[in-house]
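The values are calculated or read from the model by the stated rules, or taken from the named source; none is laboratory data. Computed from a predicted structure; not experimentally measured. Ideal geometry is used to build each Cβ from the backbone, glycine not excepted, and the neighbour counts take in all protein chains shown. Keep in mind that these areas ignore ligands, DNA and RNA; they rest on the heavy atoms of the full protein, side chains included. Shrake-Rupley method; radii C 1.70, N 1.55, O 1.52, S 1.80 Å.
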Amino acid sequence: MDASAELPASMKAVICHGPEDYRLEERPVPRPGPGEVVVRIGSTGICASDIKCYSGAPLFWGDEHRKGYCQPPVIPGHEFVGEVVALGDGADERYGLELGDHAVSEQITPCWDCRYCRRGQYWMCQVHDIYGFRQASFGSWAEYMVFPANALNYKVPKGLPLHHAVFIEPLSCSIHAVERGEIRFGDTVVIAGCGPLGLGMVAAARMKSPERLIALDLSDDRLEVAQRCGADLGINPDRVDAVEQILNLTDGYGCDTYIEATGHPAAVEQGLRMIRKLGTFVEFSVMREPVTVDWTIIGDTKELTIHGSHLGPYCYPTAIRMLEQGLLPMDEIVTHRLPLEDFEQGIDLVASGLTSVKVTLEP
């Protein structure tokens, strides 16, 4: 039986109509179908991939080589936490949720029928409906949103502040990237990029107990936050030769694991130069443009293990637990909290990266 609070007829929502064409509009408040959940958004994040979509990156809008992923008009937003305000038939039993609970949903709503979903690899679902980009899964830059019946939903402890809980999605992605790094005791691990995701990777990698955990970033302020997340050392490649410093710290061998989280092509080449032979390279970033590197380094020179990393499968419970335990300095990571109406200011803050780490919108 459906359960719902009294919902208004309309809501404010940011609508993506195309590159650099995002508008605040009035839209109907969603009502839940069978197995669906409606939440009132408490906090929603602006991700680097949102910026690349906004600015017209080919991955989202297509070019002569590929079809674009974004399907306008669509409500953006895949980092969020909300209060449950309506439950479709069967949703309460399926997800263990009640009205008034705080909840999150994994960023992908799997089809559960393709080859990958049937094998438990749902994060690579062939249909690939991720909130905020596809019309089947409208996102969270709005006052309300619906979790479809195929979604993976989790209850969030009410003791966790909403502007901290919004970090569950990016932290889950960070944890998965660290898992892909195959870190062992005694390893030297380098994480390139100390944005929100890179900082989450530092905290997750710390839990793997490497011998050395090194963060790279062009911002000294972010490097200081990285050390409070667990990094042993922060290196600014603008100030020193980062490759030379890593080689000096490792008797000339190089780091064992390198995780790229900057989104800049130069960080890929940098990683190939500073990683040791037989090392593990994790590529996480969504690049705006294709990246060209010397593949001979990967094969004949170093015989590297190369892993991609996508989304945060099976990592949401761990992310929630890490935030509950206070393993990250969240009040330093969430630097800006803006009303939904100021979404353009938020986009500018994230795009510049000069004064912000994590920017959230609070409808």
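Helix 265-274 and the longest principal axis of the C-alpha atoms of the chain enclose an angle of approximately 40°. Solvent-accessible surface of the chain, averaged per residue with a 1.4 angstrom probe and all protein chains in place: 43 square angstrom. For the chain, the fraction of 1.4 Å probe accessible surface lying on carbon and sulfur atoms is 48 percent. The simple spin-label model puts a point 7 Å past each Cα toward its Cβ; for Arg321 and Thr296 those points are separated by 4.7 nm.
Relative to the dominant Cα principal axis of the chain, helix 168-180 is inclined by about 40°.
Applying both filters, DSSP loop and at most 15 other Cβ atoms within 10 Å, to the GluC sites (Glu not before Pro) of the stretch 127-218 gives Glu182, Glu211. With the cut-off at 38 Å, report for the chain the share of all Cα pairs above it, as a whole percent. Counting pairs separated by more than 38 Å, the tail of P(r) holds 16 percent.
In the stretch 208-330, Cα pairs under 8 Å separated by at least six residues give a relative contact order of 18 percent. Within the listed set Asp300, Asp89, Asp241, the residue fluctuating most in the Gaussian network model of the chain (springs between alpha-carbon atoms under 10 angstrom) is Asp300. Only Cα sites of the stretch 258-352 enter the Debye sum here, all with the same form factor; the resulting log10 I(q)/I(0) across q = 0.12, 0.17, 0.19 1/Å is -0.61, -0.98, -1.05, listed in q order. With contributions of -39500 (n - 2.57) from each DSSP H run of at least four residues, the per-residue ellipticity at 222 nm computed over the chain stands at -7000 deg cm²/dmol.
List residues of the stretch 212-245, by number, whose backbone nitrogen lies under 18 Å from a label position 7 Å along Cα→C-beta of Leu354. Residues 218-222 fall inside that zone.
Run the reach check for Lys158 against lysines, Cα to Cα strictly under 29 Å, same-chain hits fewer than 8 apart removed. What comes back? Those lysines meeting the cut-off are Lys12, Lys208, Lys358. Placing R0 at 30 angstrom, the Cβ-Cβ distance between Leu24 and Leu99 gives a FRET efficiency of 0.60 after rounding to 0.05. Going 7 Å from the Cα of Asp331 in the Cα-to-Cβ direction, what parts of the stretch 216-235 have a backbone nitrogen less than 12 Å from that spot? So the set is empty, nothing qualifies.
Using DSSP to define loop residues, name the chymotrypsin sites (Phe, Trp or Tyr not before Pro) in the stretch 106-164 whose beta-carbon has at most 13 other beta-carbon atoms within 10 Å. Those that pass, being in a loop and sparsely packed, are Trp112. Kirkwood's formula applied to the C-alpha pairs of the stretch 8-73 gives a hydrodynamic radius of 13.9 angstrom.
With the Cα gyration tensor of the stretch 207-290 giving a ≥ b ≥ c as the square roots of its eigenvalues, does the rule (a/c under 1.5 for rounded; else a/b larger than b/c for prolate; else oblate) give rounded, prolate or oblate? Here the stretch 207-290 falls in the rounded category.
Sites listed here are GluC sites (Glu not before Pro) in the stretch 34-110 whose DSSP assignment is loop and whose Cβ has at most 16 other Cβ atoms within 10 Å: Glu64, Glu98. Counting only trypsin sites (Lys or Arg not before Pro) that DSSP places in a loop and that have at most 13 other Cβ atoms within 10 Å, the longest clean stretch of the chain runs over 240-363.
What does the C-alpha gyration tensor say about the overall shape of the stretch 1-126? Classify as rounded when a/c is under 1.5, otherwise prolate if a/b is larger than b/c, or oblate. Oblate, since a/c reaches 1.5 and b/c is not below a/b.
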